[in-house]
Number of protein chains: 2
Amino acid sequence: MKKFMNDAGSLAADSLEGFVAAHEDLVAFGQGRKHIRRRVFTPGKVAVIAGGGAGHEPMHVGFIGKGMLDAACTGHVFTSPTPDQILGAIQEADNGAGVLLIVKNYDGDLMNFEMAAEMAVSSGSHRIETLIVNDDIAIERTARGTGRRGVAGTLIVEKIVGAAAEGGVDLATLKTVGEAAIAATRTMGVALRGATVPQITRETFALGDDEMEVGVGIHGEPGRSRQKITDASTIATLVCNQILADLAPAEGQRILLLVNGLGGTPPSELYVMFGLARRFFEARGLVVSRRLVGTYATSLDMAGMSITVTLLDDALTTLWDAPVSTAALRW
Amino acid sequence: MKKFMNDAGSLAADSLEGFVAAHEDLVAFGQGRKHIRRRVFTPGKVAVIAGGGAGHEPMHVGFIGKGMLDAACTGHVFTSPTPDQILGAIQEADNGAGVLLIVKNYDGDLMNFEMAAEMAVSSGSHRIETLIVNDDIAIERTARGTGRRGVAGTLIVEKIVGAAAEGGVDLATLKTVGEAAIAATRTMGVALRGATVPQITRETFALGDDEMEVGVGIHGEPGRSRQKITDASTIATLVCNQILADLAPAEGQRILLLVNGLGGTPPSELYVMFGLARRFFEARGLVVSRRLVGTYATSLDMAGMSITVTLLDDALTTLWDAPVSTAALRW
């Protein structure tokens, strides 16, 4: 295993420190350096907080800023942040309008965010709602939990919810907006090389020179099936067919199409996949009205990519288009 | 070799097609699909055109847009665009104010851009100036040419020149601005794993499990030395010391610090390196007044990163800060 890091235990913390040093115009460490927050909060709006294990950068810290998240909590690599961290973020970000927590569907994250929410509510001073993102259609059960996993689609939910919060909607309405975004979003990924977790110094799953892992998640767990590697068109068709079958969109449906890199795959290959995926969906009568290509939700240095589709209506489109000013997304 | 591609010969073209499909609000194919251009040119300004081999995405096509490039020409992987391609871009982008060509210092690129410029000038209708970027301090001579190579610092030159052009300066002044940016900019890179060129189906240089390549370029050529891999702090100190020695900045000098990923290195590791590099320069009395971290100038899927420093004065800072709206840089 070769990485730019000082030691396996410090990668997550050193990376966060570098992140804040690079984006100090946008973000700052929260109290006790246990979370990262916007440098300046927008007064009077619902606070939107996300979090999860390290190793997925720029998710979630790269989405902190006007129009998206107020704060994010990062645990150790592939490990949930603690309830203590999440509670600290709630206390710092909530200015009375309540807090919406965005959690990816893994048992560890669910448990710790729920515990933090209970502590915040029982202190009597916070109103909390929680969204659980489960966009990954590949598998229904892993060692990390039951039901579909939350993967790259999480950033779409965070963007849409963040825009609505910035627009001033109340906590209950915001939760409804987030649920609509989640219901409209599906993802599936393929890896060509597994992630190397620093602590274990080997790939989380080892693929042969002629193999790929289909339906891979972002924690280095195996996917749905191991297959012989094939050309990009066949991979795009395989993944897009699954998404299409699951979403079953109507003819003429507008979609947001995201091709996300998992950390070790360069932009040149992501653009190949985007071109193929776009053509796939357009050939089936869908309208690719919004697009995003980049490395946003990673699994350390995994070579791989995921394709995400969100069905768009006017409301979701307006929220997606709303201004955003974060380290990783800006328009 | 495992890549998301259809075949080795089509990777560059398929990637460009996906790029245009992803960013059709900003860019379009030029005539004959031989270059990529802004969807809408700014009237009356000097046209800024760059180019080079494929495999460095998002450089240069990702820098086309308001405030940066007008057009870019991409060759095959690690191969210069042809004079014919470059001439086409000149003819389409020049609206009478002249053309500034930005070329990285490699013999193939120099030859083809020079030939295109001669053809354009001898046709009697174009005024052309050329900037040669040579920011890489690692080595002075490679199989690809004499003198320092052009690497990630090229994007800084393109941003600064693009802003000045958008501001309406004339061709001669623009060349002076670009020369100032080049004179102020130095880069050095380190690779942990070589790039895999599609046509040759193996890594361009093979590193042992405990080795790193110091002073690496972006064409898969070997660097200055092969060393035992070490921790991130030692790597940062090694690279930053070289840059510091070469630039010899005064105490209190303001700098732009760029940490660039070479394609296979994830954001988490780039941020580790940024934090260390920033601390290095600040400890030596420099002021890191502008910052950029990301995957901008790649060498296919090479695992590695480079550190770039530009010495800033008020004029360069203003041009760096000016609005830019491209696929890869936007503020």
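Listing for the model above:
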| item | result |
| --- | --- |
| Enumeration of residues in the range B:176-210 that are assigned to a helix (DSSP H, G or I) and in contact (Cβ under 8 Å) with a residue 40 or more places away in the chain | B:Val177, B:Gly178, B:Glu179, B:Ala180, B:Ala181, B:Ile182 |
| Search result, residues across the range A:283-295 that are part of a loop (DSSP other than H, G, I, E, B) and more than 9 Å from chain B (Cβ to nearest Cβ) | A:Arg284, A:Gly285, A:Leu286 |
| Options B:Ala277, B:Ala297; residue that is at pLDDT 95 or above, surrounded by 24 or more Cβ atoms within 10 Å (Cβ to Cβ) and more than 17 Å from the chain's Cα centre (by Cα) | B:Ala277 |
| Set B:Val272, B:Val324, B:Val293, B:Val287: member being touching a residue at least 40 places away in the same chain (Cβ under 8 Å), among the β-branched types (Val, Ile, Thr) and in the same structural domain as B:Pro222 (by TED's automatic domain parsing) | B:Val272 |
| Residue under evaluation B:Thr196, criteria (1) within 13 Å of chain A (Cβ to nearest Cβ); (2) under 24 Å from B:Ile255 (Cβ atoms), criterion not met | (2) |
| Positions within the range A:127-144 being outside any loop (DSSP other than H, G, I, E, B), open to solvent by 10 Å² or more (accessible area, probe 1.4 Å) and under 21 Å from A:Val190 (Cβ atoms), in sequence order | A:Arg141, A:Thr142 |
| Checklist (1) touching a Phe, Trp or Tyr at 6+ places or on another chain (Cβ under 7 Å); (2) within 30 Å of B:Ala277 (Cα to Cα); (3) modelled with pLDDT of 95 or more applied to B:Ala93, failing item | (2) |
| Those residues of the range B:211-231 which are over 28 Å from B:Glu158 (Cα atoms) and out of contact with any Lys or Arg (no Cβ under 6 Å at 6 or more places or on another chain), in sequence order | B:Met212, B:Ser225, B:Arg226, B:Gln227, B:Lys228, B:Thr230, B:Asp231 |
| Residues (within 30 Å of B:Thr318 (Cα to Cα) and either out of contact with any helix residue (DSSP H, G or I) (no Cβ under 6 Å at 6 or more places or on another chain) or of a type outside the set (Gly, Ala, Ser) (or both)) located in the range B:256-265 | B:Leu256, B:Leu257, B:Leu258, B:Val259, B:Asn260, B:Leu262, B:Gly263 |
| Residue check for B:Gly65: under 20 Å from B:Ile160 (Cα atoms), touching a residue at least 40 places away in the same chain (Cβ under 8 Å) and not polar (S, T, N, Q) | yes |
| The range A:29-52, residues that are buried (at least 16 other Cβ atoms within 10 Å of the Cβ) and either at positive phi or assigned to a strand (DSSP E or B) (or both) | A:Ile36, A:Arg37, A:Arg38, A:Ala47, A:Val48, A:Ile49, A:Ala50, A:Gly51, A:Gly52 |
| Residue ID - nearest to A:Glu269 (Cα to Cα), chosen from residues in the range A:145-192 that are crowded, with 24+ Cβ neighbours inside 10 Å and touching a Lys or Arg at 6+ places or on another chain (Cβ under 8 Å) | A:Leu192 |
| Every residue from the range A:4-24 that is open to solvent by 10 Å² or more (accessible area, probe 1.4 Å) and facing chain B (nearest Cβ under 9 Å) | A:Met5, A:Asn6, A:Asp7, A:Ser10, A:Ala12, A:Asp14, A:Leu16, A:Glu17, A:Val20, A:Ala21, A:His23, A:Glu24 |
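The values are calculated or read from the model by the stated rules, or taken from the named source; none is laboratory data. What you see is a predicted model, and the numbers here were worked out from it, not measured in a lab. As a convention, Cβ positions derive from the backbone with ideal geometry for all residues, glycine included, and neighbour counts pool all protein chains shown. The protein model used for the area step is the full one, side chains on, heavy atoms only, and it has no ligands, DNA or RNA in it. Shrake-Rupley method; radii C 1.70, N 1.55, O 1.52, S 1.80 Å.
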